[in-house]
Amino acid sequence: MADPRDLKFTLTDFRRVRKMVYQRVGIALNDSKTHMAYSRLARRVRQHGLKRFADYLDMLEGAEASPEWQHFINALTTNLTAFFREPHHFDTLKQHAQERLRAGRPYNVWSSASSTGEEPYSIALTLLQVPGVSLANTHIVASDIDTQVLQHASAGVYDAERVASLAPALLHRFFLRGVGRNEGKVRLKRELRQYLEFYQFNLVQESWPQMGPFDAIFCRNVLIYFDKPTQARILRQMAECLMPDGLLFLGHSENIQHICDAFQPCGRTVYRRVNHD
Ligand SMILES: C[S@@+](CC[C@H](N)C(=O)[O-])C[C@H]1O[C@@H](n2cnc3c(N)ncnc32)[C@H](O)[C@@H]1O
């Protein structure tokens, strides 16, 4: 029996959703994502008191500057992440930072799809273990398209179970345990949070402002949502923002070897910028 709360959602509606999200943020939804699109957006449709997706989509298309667009995008992003996801990346990062800081150079990192912050905080937790790191020589920029995850990230508050596998010494040094109504939560200490700067950035926007140069860019588990031409464009732009010999970290299922020749592999899903003379 049909759920009386079901909203009218046709294949045409799905195709409109697909086109709209692709045009704004490059996310390419295939047909298998029909159910996902329904379940992620239904709350927004109801919130506006509407019974048909078509009315919601008309409303969006009729108001280019409406704040509802951001809700639409936030609903369709997938934000799965974790502290020290793909731990081998953080060993490579530590070594790279050590070499540069030892040579008296600053070290700047960009986490370009930072989601709720676990990735940029893992970067900070890694860099703060490198001798000589200070606010004067180290900076981490974290960005995402989704404003809701950015809010979460900049607050730096997590369920304690998300950090349960971290080394006790790290937990003790950099996290505060919540008490009272914050029982079961942890918060990153200011000492660490002050190394990070969060802002919204759309990786698929045509022209990028002058950024960096960065010593390392994390672009993990986001290229998979884009088609090949979009991936190639982003990678070229990222190469422009990297220092010579700068590192690009990708997700475990992302391979760019036949997409962009600005990088050469230098470890498991780590790439080094090819230097031009
Ligand atoms: C699966 S998460 C990856 C989080 C983290 N990098 C990791 O590997 O654990 C993908 C993130 O990419 C973001 N994203 C999707 N499209 C984007 C775009 N066009 N520009 C910037 N971020 C985007 C999503 O909002 C989401 O937070």
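Computed from the coordinates by the stated procedures, all read-outs in this text should not be read as laboratory data. No experiment lies behind these values; they were computed from the predicted model shown. Cβ atoms come from the backbone with ideal geometry, glycine included; neighbour counts cover every protein chain shown.
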>> Nothing charged except the Cβ atoms of Lys and Arg (+1) and of Asp and Glu (-1): what's the magnitude of the dipole of the chain about its Cα centre? Round to the nearest 20 debye.
In response: 580 debye
>> Just to check I understand the Karplus step: with θ = phi - 60° and J = 6.51 cos²θ - 1.76 cosθ + 1.60, what whole-Hz values come out for the range 214-223, glycine and proline as x?
In response: 9, 7, 8, 10, 9, 9, 9, 6, 10, 4
> With θ set to phi - 60° and the Karplus curve 6.51 cos²θ - 1.76 cosθ + 1.60, what are the ³J(HN,Hα) couplings of the range 161-172 in order, to the nearest whole Hz, using x for Gly and Pro?
Replying inline: 5, 6, 10, 4, 8, 6, 4, x, 5, 5, 4, 5
> Among all the lysines, which ones have a C-alpha under 18 Å from residue 228's C-alpha, if same-chain residues fewer than 8 places away are not counted?
Replying inline: 19
>> Using the Cα centre of the chain as origin and beta-carbon charges of +1 (Lys, Arg) and -1 (Asp, Glu), tell me which of 211, 152, 244 is placed farthest towards the positive end of the dipole.
In response: 152
> Any idea what the relative contact order of the chain is, in percent, if you count C-alpha pairs under 8 Å spaced at least 6 apart?
Replying inline: 16 percent
> What ³J(HN,Hα) values, in whole Hz, does the Karplus curve 6.51 cos²θ - 1.76 cosθ + 1.60 give for the range 52-69 when θ = phi - 60°, with x put for Gly and Pro?
Replying inline: 10, 4, 4, 5, 5, 5, 4, 4, 5, 5, x, 9, 3, 9, 5, x, 4, 4
> Taking the range 11-76 as the region of interest, what is the percent of Cα-Cα pairs per 5 angstrom bin, listed from the shortest bin to the one with the maximum distance?
Replying inline: 3, 18, 33, 30, 13, 3
> Straight-line reach from residue 189: which lysines have Cα under 19 Å away, leaving out those fewer than 8 places along the same chain?
Replying inline: none
>> Quick check for you: which residues of the range 84-114 have the amide N under 16 Å from the point 7 Å beyond the Cα of residue 266 toward its beta carbon?
In response: 89-103, 105-110
> In the chain, with Lys and Arg counted as +1 and Asp and Glu as -1 at Cβ, which of these residues, 9, 259, 199, has the Cα nearest the positive end of the dipole, that is, farthest along it?
Replying inline: 9
> Residues with amide H under 5 Å of residue 214's amide H, sequence separation 5 or more or different chain, H placed in the peptide plane at 1.01 Å from N; which?
Replying inline: 242, 243
> What percent of all Cα-Cα pairs in the range 74-125 falls in each 5 Å bin, counting up from 0?
Replying inline: 4, 18, 25, 22, 14, 9, 4, 3, 1
> Rounded if a/c is under 1.5, else prolate if a/b beats b/c, else oblate: with a ≥ b ≥ c from the C-alpha gyration tensor eigenvalues square-rooted, which is the chain?
Replying inline: oblate
> Among the aspartates and glutamates, which fall within straight-line cross-link reach of residue 185, defined as a Cα-Cα distance under 16 Å, with same-chain neighbours fewer than 8 residues apart omitted?
Replying inline: 118, 159, 161
